[in-house]
Every structure is written in C-alpha cells, then in structure tokens.
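Undergrad: Please read through the structure below; I'll follow up with questions.
The values are calculated or read from the model by the stated rules, or taken from the named source; none is laboratory data. Because the structure is predicted, anything quoted here is derived from the model rather than measured. Ideal geometry is used to build each Cβ from the backbone, glycine not excepted, and the neighbour counts take in all protein chains shown. These area figures cover heavy atoms from the full protein model, side chains too; ligands, DNA and RNA do not enter into them. Shrake-Rupley method; radii C 1.70, N 1.55, O 1.52, S 1.80 Å.
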Amino acid sequence: MHREHALTISAGAAELLLVANKPGLTETGGGHGAKGVDFQRWWAVLRMVELEQAGEIDFLLLFETVQDVTELDSSYTPSRARVYQVKKKDRGEWSWSVLTGTAVPPKKKDPAASAKAVIPKFEKVGDSVLGKLQLSLAAFDKLPVQAFFISNAGCDIPLAAGGNAATSMPCSLADFSPDHADLLSQALSSLGASGSPAPDLTKLTLKRVAIHPDEPSSYVIKVALELLMHRSPAHAGQAASFVESLVTKISPLGRHTDTCSSFGELIKQRGFARHEFVAAMGALEAIPDYSAYLGVWLTQLQTEGMDFMLVTAVRAEAARVVREQLAGTTLPDARSVHNFCDSWIELNVAGPQLRPYFEACLAELKKNFTSFRDAELLARFAMRAIKKCVDPN
C-alpha cells in the first residue's frame, strides 16, 4: 500500500529516479511516430496551462519518464505523482482488447456463450495500454501515484451506471460494468507476484481531450487564450505564439533516455517546471503586442503599393520572429540581421510614407544577408523598427 504522508526530497525524488531508470516501463519511439509525439507535446502544454489555471504552486513534467509523461507536484520535494500515457487515434474508438490485452467478457445472459466460456488468457496484458500503466503504478512503493490514459478518442467499454466510457470520460476503471471490472482486476493482478495486493482500479483513469491529431494547436491556443485574458489581457493576442514557443521548448525533452545518475540530471534531461512556464509568460509580457502595430504598418504598406503577396509573407514571418523571441531560439545569423537593422534605424529617419523607408533598408540588407528571403528581412526590420518606436531605450 502507498503511504500517503508527505515525503522528504530524498525519498520522493529518489524513488522517482529509481522508477524512471527501471527498464521496460517507458516506451521509446513507438508506432505513432512523430505525429504521436507531436500530439503528446501539445497535450503537455495544455496540461501546464490547466495546472496554472488551477493555481498550482509548483509542478514538474518529465517526458519519456515512467510513461509518456510523469507529473510531479514539486520540482524539489515531490509528494505525489501522476503518470500519463498520451495517445492519438485517427479513427474510431479504443477497444477493450487494445486497452487490456484480453478478450471481451462473455454476456452472462447468453447461455451459449457461458457454455463455451474458457479461462481468460492474460499473456498480452503486460503489453496493453492499461497493463503498462498498472506496471508503472506497481513500480512505486512510497510515492503516492495515479495513472491516466489520455486520448482524443473515446474508449468503448460499458459502465456500471449505464452508458459507455466512449461518451462518459473521464472515468476510472472502477466505473466499468462489474463483469468488465472483475475481468480487468484479474488481468492486472496477473502482472504482479503471487500474494500482491489487488490493483486499485480507482487509481487508473481514462480521459478524453479535445485535441485533434491533425490540428493539435487550435484547442490548446483557445485554452491558453483564456489564461492570458485573465492574467495578461494586453498580450492575449499572442496566445498562439506563446503556446507554439512552449512546444518548441519541450520538444527536445525526453529524446535521450539514458540512465540518469541523479534527480537533478533527470530534470535537466527530461523536465519542464512551473518556474520555466512562468518565465515564458514573463517573456511574453516583456514583448509588446507587436501584432497591433504591425497590422497598421502592413496596411499602410499595402496602401502605398507594396505587393499583397509580399505583405502576407511578411506578416507570417513576423509571427515566426515573435515565436523565436518567446522560445529564445533566435539563431546567430538572425541576430546579426537584428543588429544591422538597429544600426540602420539609428541613422535613418522614416518619412511620411513607409514603403520607401522599408525598401531602402531592404536594399542594404540584401547586400549583406544574401541567404535570407525578402519577406523575412522585411519582417525582421519591421519588428526592430516597432521595438524602437515602442521602447526607444
């Protein structure tokens, strides 16, 4: 049984490190490929936004640790954990056999089925979705832990209260109809040593999320927008850049799953903590909402005769520049462009028309930065010019 008291950092962190280094729990690679990993990362950003909305004092997400993601309530003194399998599904619902590795229990009211009933086989349970989550739960002895299966699709399993998990998620495994819950309890018990406690089905939860695998950003941006409207309304228009920058930040985490020698090394290799999330919000607030200024300028440029397609391309490139700033991923070549623009702006004053000003700088930029497209050079110039207007110092 888990001891529910608060753990010291040595006990909580040490056990998490021990389980994280245990072979056979975490999936690496997998059948979902890059698209599945992308889905996981967008969900992880959604989860961070949810935790921030809930007012959590601290949190730490560890990627490709124990399962796809492990969530701790603290980066320093973890006292509880949640382990997540996060899987996209392009079509249909998750079936009982895929989730459990067993055959569907026969209907008790069917005499023919009862007569043909055979002893259920559990050889495939350990490789199933819920089997892997149960193995993760059983790997912990001290740290209180819950397990979750997260997907965009429902799970086709009847519930004790009537209805189906496909339309009634979230639900715990204890909510399944009695025949399904009994069979599942037997199946998960088969994974443990003889005499082990019966699996606690209330600690495994199925949850559906409104993230579309082909367009994962839309819902996450919507939820982030709600957070920013409450916390930083002046920057709500940058919700898309904010979440995209977070996805960029966490994407490399978990790519290397070598054994870690310490909890700190595990965090460095695979972790993203609340203080980093807050820092990303702080970076957002430090950047003026350039979109409003940029919109006015691009409208004027188009009015003055700049090609519509070029204006559209500049707008797209400018959005990418903002994401770079939030994620801290501006490359040295791009920083050189920014420095050149800053120097040029210091020496040249804009007249009543913007187009000649932009085209004059573009001509100089093209002489010095031949590998950049015109739209990107103009976008970077526009953002530096706006910065100079908004924050002259």
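Undergrad: Considering the stretch 75-109 alone, what residues qualify as being in a loop (DSSP other than H, G, I, E, B) and among the polar types (S, T, N, Q)?
TA: Result: SER75, THR77, SER79, SER95, THR102.
Undergrad: Right, something else. Count, please, the residues in the stretch 130-161 that happen to be open to solvent by less than 40 Å² (accessible area, probe 1.4 Å) and out of contact with any Cys (no Cβ under 8 Å at 6 or more places or on another chain).
TA: Residues meeting the conditions: 20.
Undergrad: Moving to a separate point now. Filter the stretch 78-102 down to the residues that are surrounded by fewer than 17 Cβ atoms within 10 Å (Cβ to Cβ) and of a type in the set (Ser, Thr, Tyr) and list them by number.
TA: SER95, SER97
Undergrad: Same structure again: On the basis of being among the hydrophobic types (A, V, I, L, M, F, W, C) and modelled with pLDDT under 95, does LEU365 make the cut?
TA: No; evaluated as a whole, the condition is false for this residue.
Undergrad: I would also like to ask the following. For the stretch 304-348, what are the residues that are in contact (Cβ under 8 Å) with a residue 40 or more places away in the chain and among the β-branched types (Val, Ile, Thr)?
TA: VAL314, VAL321, VAL322, THR329, VAL337, ILE345
Undergrad: Determine whether GLY126 is touching a residue at least 40 places away in the same chain (Cβ under 8 Å), surrounded by fewer than 20 Cβ atoms within 10 Å (Cβ to Cβ) and under 24 Å from VAL37 (Cα atoms).
TA: Spelling it out, GLY126 is indeed touching a residue at least 40 places away in the same chain (Cβ under 8 Å), surrounded by fewer than 20 Cβ atoms within 10 Å (Cβ to Cβ) and under 24 Å from VAL37 (Cα atoms).
Undergrad: As an exercise: evaluate SER371 against (1) assigned to a helix (DSSP H, G or I); (2) open to solvent by 70 Å² or more (accessible area, probe 1.4 Å); (3) touching a residue at least 12 places away in the same chain (Cβ under 8 Å) and give the number of the one condition it does not meet.
TA: With (1) assigned to a helix (DSSP H, G or I); (2) open to solvent by 70 Å² or more (accessible area, probe 1.4 Å); (3) touching a residue at least 12 places away in the same chain (Cβ under 8 Å) applied to SER371, the lone miss is (1).
Undergrad: Anything in the stretch 169-199 that is in contact with a helix residue (DSSP H, G or I) (Cβ under 9 Å, 6 or more places away or on another chain), among the small types (Gly, Ala, Ser), open to solvent by less than 50 Å² (accessible area, probe 1.4 Å) and part of a loop (DSSP other than H, G, I, E, B)? List them, or say none.
TA: Of everything in the stretch 169-199, just one residue is in contact with a helix residue (DSSP H, G or I) (Cβ under 9 Å, 6 or more places away or on another chain), among the small types (Gly, Ala, Ser), open to solvent by less than 50 Å² (accessible area, probe 1.4 Å) and part of a loop (DSSP other than H, G, I, E, B), namely GLY192.
Undergrad: I would also like to ask the following. Looking at VAL129, VAL220, VAL125, which one is more than 20 Å from VAL98 (Cα to Cα) and touching a Leu at 6+ places or on another chain (Cβ under 7 Å)?
TA: Of the residues listed, the single one that is more than 20 Å from VAL98 (Cα to Cα) and touching a Leu at 6+ places or on another chain (Cβ under 7 Å) is VAL220.
Undergrad: May I pose another question? Being farther than 24 Å from ILE57 by Cα and without any contact (Cβ under 8 Å) to a residue 12 or more places away in the chain is the filter here; which residues of the stretch 256-276 pass it?
TA: Hits for the stretch 256-276 are ASP258, SER261.
Undergrad: From LEU284, LEU298, LEU294, grab the single residue that is assigned to a helix (DSSP H, G or I) and touching a Phe, Trp or Tyr at 6+ places or on another chain (Cβ under 9 Å).
TA: Matching residue, one of LEU284, LEU298, LEU294: LEU284.
Undergrad: State whether one or more residues within the stretch 295-308 are within 30 Å of LEU17 (Cα to Cα) and hydroxyl-bearing (Ser, Thr, Tyr).
TA: no
Undergrad: Can you pull out every residue in the stretch 32-56 that is free of Cβ contacts under 8 Å to residues at least 60 places away in the same chain and closer than 16 Å to PHE277 by Cβ?
TA: If the condition is that a residue be free of Cβ contacts under 8 Å to residues at least 60 places away in the same chain and closer than 16 Å to PHE277 by Cβ, then ARG47, ALA54, GLY55 are the ones that fit.
Undergrad: Can I ask one more? Output the number of residues of the stretch 285-301 satisfying the condition of being modelled with pLDDT under 80 and touching a Leu at 6+ places or on another chain (Cβ under 9 Å).
TA: Counting residues in the stretch 285-301 that are modelled with pLDDT under 80 and touching a Leu at 6+ places or on another chain (Cβ under 9 Å) gives 1.
Undergrad: Also, I was wondering about something else. Given GLU324, GLU346, which one is assigned to a helix (DSSP H, G or I) and open to solvent by less than 60 Å² (accessible area, probe 1.4 Å)?
TA: After ruling out the rest, the residue left standing is GLU324.
Undergrad: Look at the stretch 176-229 and say how many of its residues are without any contact (Cβ under 8 Å) to a residue 60 or more places away in the chain and aromatic (Phe, Trp, Tyr).
TA: 1
Undergrad: Within the stretch 62-110, count every residue that is among the hydrophobic types (A, V, I, L, M, F, W, C) and in contact with a Leu (Cβ under 8 Å, 6 or more places away or on another chain).
TA: The qualifying residues number 8.
Undergrad: Continuing with the same structure: State all residues of the stretch 205-246 that are aliphatic (A, V, I, L, M), more than 15 Å from the chain's Cα centre (by Cα), within 27 Å of ARG82 (Cα to Cα) and open to solvent by 40 Å² or more (accessible area, probe 1.4 Å); if no residue qualifies, say none.
TA: The one that is aliphatic (A, V, I, L, M), more than 15 Å from the chain's Cα centre (by Cα), within 27 Å of ARG82 (Cα to Cα) and open to solvent by 40 Å² or more (accessible area, probe 1.4 Å): LEU225.
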